[in-house]
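A short reminder: the numbers here are calculations on the coordinates, not readings from a lab. Just so you know, these numbers come straight off a predicted model, no measurement behind them. Heads up, the Cβs are rebuilt from the backbone with ideal geometry, glycines too, and the neighbour counts pull from every protein chain shown.
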Amino acid sequence: MKKYIDTGKKDTRSGFGAGLEELGKKNENVVALCADLTGSLKMDAFKNNHPERFFQVGIAEANMIGMAAGMTIGGKIPFTGTFANFSTGRVYDQIRQSVAYSGKNVKICASHAGLTLGEDGATHQILEDLGLMKMLPGMTVINTCDYNQTKAATLAIAEHDGPVYLRFGRPKVANFTPEDQNFEIGKAVQLTEGNDVTIIATGHLVWEALQAAETLAEEGITAEVINIHTIKPLDADAILASVKKTGCVVTAEEHNYLGGLGESVARVLSTEHPSPQEFIATKDTFGESGTPEQLMEKYGLNAKSIVAASKKVMQRK
């Protein structure tokens, strides 16, 4: 089985900041807006080097989305930045009406998503944002797994014409994807080959899936790990090709099992190739305060849980 190496833990929000700064140099139409969280979103470099294209709107997320939608009319490519909870739940009406409905070219960039926000607790740990955003017609939804992929995705979405939701996080996590990768929106990345079980993961759970695959390999079980960085549009072809070979699937995400990646995969399989599936996700619950490691353990979002789910789903074939 192919081994992946952690080249040094980095937070995915810093990948966004690095990508945004590179865009600032390459594309004069790129502008950035932030809702009083410039440091947290790692937007300082863009702000300092391109002050004429940076807009600090304060704690006024609805206004930020409205401003961004308006800027697209003049040909600008606005990147908005705040926590995932405030990027979606707090401003859903503005996103629906001013961005999605009219197909505005706004890039909604959201940090501090999921349980790994940690000690900030349930009010900030949004676990339903992927569902909210993927249900908006025309919205592209991306959830990256490490620093390098987040930087690559940030660069890629600037070239995409249309609204995008880009989700990333706060904690330092394994950085294992290629630095020079070509990020293709809507194209899954197969990380390992296997015949016994398919593990489809997104975001922080991709590294956990790889660790699970290594554990399973020690027991003679070959797992095919697929990195779904784009929740919408979903790479149905990659999913079907793998599950037709392995006969079963585990989906893994730092999100509610209602409305997330798992349900999207289940829809594809139910209509094209019904197969046993197990879900690694939060089970219709809010989070709580704790360290990221404690919370991922308690809510079953780690390699150990993926291993158990893989063995369970294989028995259902």
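At a glance:
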{"item": "Label point distance in nm, Asp237-Glu159, each placed 7 Å from Cα along Cα→Cβ", "result": "1.8 nm"}
{"item": "Sorted peptide list for 3-10, 306-313, 171-178, criterion being average Cβ within 10 angstrom, highest first", "result": "306-313, 171-178, 3-10"}
{"item": "Within the stretch 48-79: backbone nitrogen closer than 17 Å to the Lys25 label point (7 Å, Cα to C-beta)", "result": "48-51"}
{"item": "Packing-based order for 48-54, 196-202, 86-92, 73-79, using average beta carbon neighbours within 10 Å, highest first", "result": "196-202, 86-92, 73-79, 48-54"}
{"item": "Degrees, to the nearest 10: 303-314 long Cα axis against longest axis of the chain", "result": "50 degrees"}
{"item": "Potential extension, Ala217-Ile73 segment - 0.36 nm per residue separation minus Cα distance", "result": "46.6 nm"}
{"item": "Fraction of beta bridges assigned by DSSP in the chain that are antiparallel (%, nearest 5)", "result": "15 percent"}
{"item": "Using alpha-carbon coordinates, inclination of helix 61-73 to the longest axis of the chain, degrees", "result": "80 degrees"}
{"item": "Overall dimensions of the chain by Cα: Rg and Dmax, Å", "result": "18.7, 59"}
{"item": "Kirkwood Rh (inverse of mean 1/r, distinct Cα pairs), the stretch 10-173, angstrom", "result": "15.1 Å"}
{"item": "Relative contact order (%) - criterion: Cα under 8 Å, at least six apart; region: the chain", "result": "19 percent"}
{"item": "Pairwise centroid distance, computed over Cα atoms, of the stretch 273-295 with the stretch 3-61, Å", "result": "29 Å"}
{"item": "Burial order of peptide ranges 289-298, 260-269, 114-123 (average beta-carbon count within 10 Å, highest first)", "result": "260-269, 114-123, 289-298"}
{"item": "Folded to 0 to 90 degrees: helix 147-159 orientation relative to the chain principal axis, Cα", "result": "50 degrees"}
